[in-house]
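J.: Sharing a structure, written as structure tokens. Questions coming.
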Amino acid sequence: MTAAPPLRFGFSPCPNDTFAFWGAVHGAIPAPVRLESVLADIETLNERAVAGVDPLPVTKLSLPALARVLDRYAVLPSGSALGFGCGPLVVCRDGASLRSIDDLAGARVAIPGRHTTAFLLLSTLAPAPREVVPMRFEQVMPAVARGLVDAGLVIHESRFTYREHGLRELADLGVLWERATGGPLPLGVIAARRDLPAATFAAIGALLRASVELAWEEPWRAHPFVRAHSQELSDEVCARHIGLYVNDFTADLGSKGRAAIEHLLQRGRAAGLLPAGPSPFREDA
């Protein structure tokens, strides 16, 4: 019998994703489904899903992008990036006149994409900037350092390296979220197409959980894949990145993780920033 073709799985080249999903995309775990990696910047994955052009069966998504594709995608129970102390930062140059998040009202701010959770948080927790300038996440810090913008919204490993660019933290949006809600911050989820059979949907979720657990048990096996896609980062930064973003919620959202995702979607909708839609979860799988 011919094996079913692998399902394309979009995720970022960031250390947390390559660490967590190495096993799932390298056939290290016996499973009834196979996944084939499609590595791309998170905003590229967001835009691809929202546009609906050559849609990926399984993909990482920021929460605002998820809200716009809930008719086609549902969140898997494993693989998500959420937690405490992991939120996006607003940074500015050391010598900038900006002193608090309120000063953003007159500022030109670089953002890592309009579909990112970071931008949704900025839009709900801070005054509207004078201008936002979308760009790839790795371009944000250099743009701030060169004075092309007044401030920048940084994500991923940038929270560990912004000082090396002569920048300082103006606000931690994750801290503001935690103070407002008391819950973990959902940054990104792994979603699968709703038209997949229930058994396939469930099998993907189980495979991703097993992949995370394998990475914890035998981290050296994932190390070459992580390093191959994070060549500009030190081993220390990679380790800190993985330790922060790959946690118990990544293995299994649980009731607290599911509630956090629903709460952020509700807040975005209440602010008129996200469209209404069905539950982000699929209950038949």
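J.: Is it true that some residue in segment 59-67 is in a loop (DSSP other than H, G, I, E, B), out of contact with any strand residue (DSSP E or B) (no Cβ under 6 Å at 6 or more places or on another chain) and touching a residue at least 24 places away in the same chain (Cβ under 8 Å)? Write out each step before concluding.
T.: Filtering segment 59-67 for residues in a loop (DSSP other than H, G, I, E, B) gives none.
The answer is no; no qualifying residue exists.
J.: Please identify the pairs in which a residue from segment 162-185 that is assigned by TED's automatic domain parsing to the domain that holds Leu148 has its Cβ atom under 9 Å from the Cβ atom of a residue that is among the basic types (Lys, Arg) and part of a strand (DSSP E or B), counting only partners at least 6 apart or on another chain.
T.: That search, which allows pairs on different chains as well, returns Tyr162/Arg168; His165/Arg93; Gly166/Arg93; Leu167/Arg93; Arg168/Arg93.
J.: Same structure again: Do we find that Arg159 is of a type in the set (Lys, Arg) and farther than 24 Å from Pro13 by Cβ in this structure? Show your work before the answer.
T.: Numbers: of a type in the set (Lys, Arg): yes; farther than 24 Å from Pro13 by Cβ: no.
When the stated conditions are applied, Arg159 does not pass them.
J.: Which one of these does Thr181 not meet: (1) surrounded by fewer than 19 Cβ atoms within 10 Å (Cβ to Cβ); (2) in contact with a helix residue (DSSP H, G or I) (Cβ under 7 Å, 6 or more places away or on another chain); (3) more than 24 Å from Ile101 (Cα to Cα)?
T.: Among (1) surrounded by fewer than 19 Cβ atoms within 10 Å (Cβ to Cβ); (2) in contact with a helix residue (DSSP H, G or I) (Cβ under 7 Å, 6 or more places away or on another chain); (3) more than 24 Å from Ile101 (Cα to Cα), Thr181 violates only (3).
J.: Here are some residues: Glu47, Glu36. Which one is in the same structural domain as Thr200 (by TED's automatic domain parsing), over 22 Å from Phe249 (Cα atoms) and in a helix (DSSP H, G or I)?
T.: The match here is Glu47.
J.: Additional query: Could you tell me whether Ser158 is free of Cβ contacts under 8 Å to residues at least 24 places away in the same chain and among the polar types (S, T, N, Q)?
T.: no
J.: Are there helices (runs of 4 or more DSSP H) fully within segment 192-285 with at least 2 residues that are modelled with pLDDT of 95 or more? List them.
T.: Numbers: elements: 198-217, 219-228, 235-245, 248-251, 254-270.
Qualifying helices (runs of 4 or more DSSP H): 198-217, 219-228, 248-251, 254-270.
J.: Inspect segment 15-26 for any residue being closer than 21 Å to Pro197 by Cα, surrounded by fewer than 24 Cβ atoms within 10 Å (Cβ to Cβ) and in the same structural domain as Ala202 (by TED's automatic domain parsing) and give the result as yes or no.
T.: Just the residues of segment 15-26 that are closer than 21 Å to Pro197 by Cα, to begin with: 24-25.
From what's left, surrounded by fewer than 24 Cβ atoms within 10 Å (Cβ to Cβ): 25.
Filter once more, keeping what is in the same structural domain as Ala202 (by TED's automatic domain parsing): 25.
Looking through segment 15-26, at least one residue is closer than 21 Å to Pro197 by Cα, surrounded by fewer than 24 Cβ atoms within 10 Å (Cβ to Cβ) and in the same structural domain as Ala202 (by TED's automatic domain parsing).
The values are calculated or read from the model by the stated rules, or taken from the named source; none is laboratory data. Since the model is a prediction, treat every value here as computed from it, not as a measurement. Backbone-built Cβ (ideal geometry, glycine too); neighbour counts: all protein chains shown.
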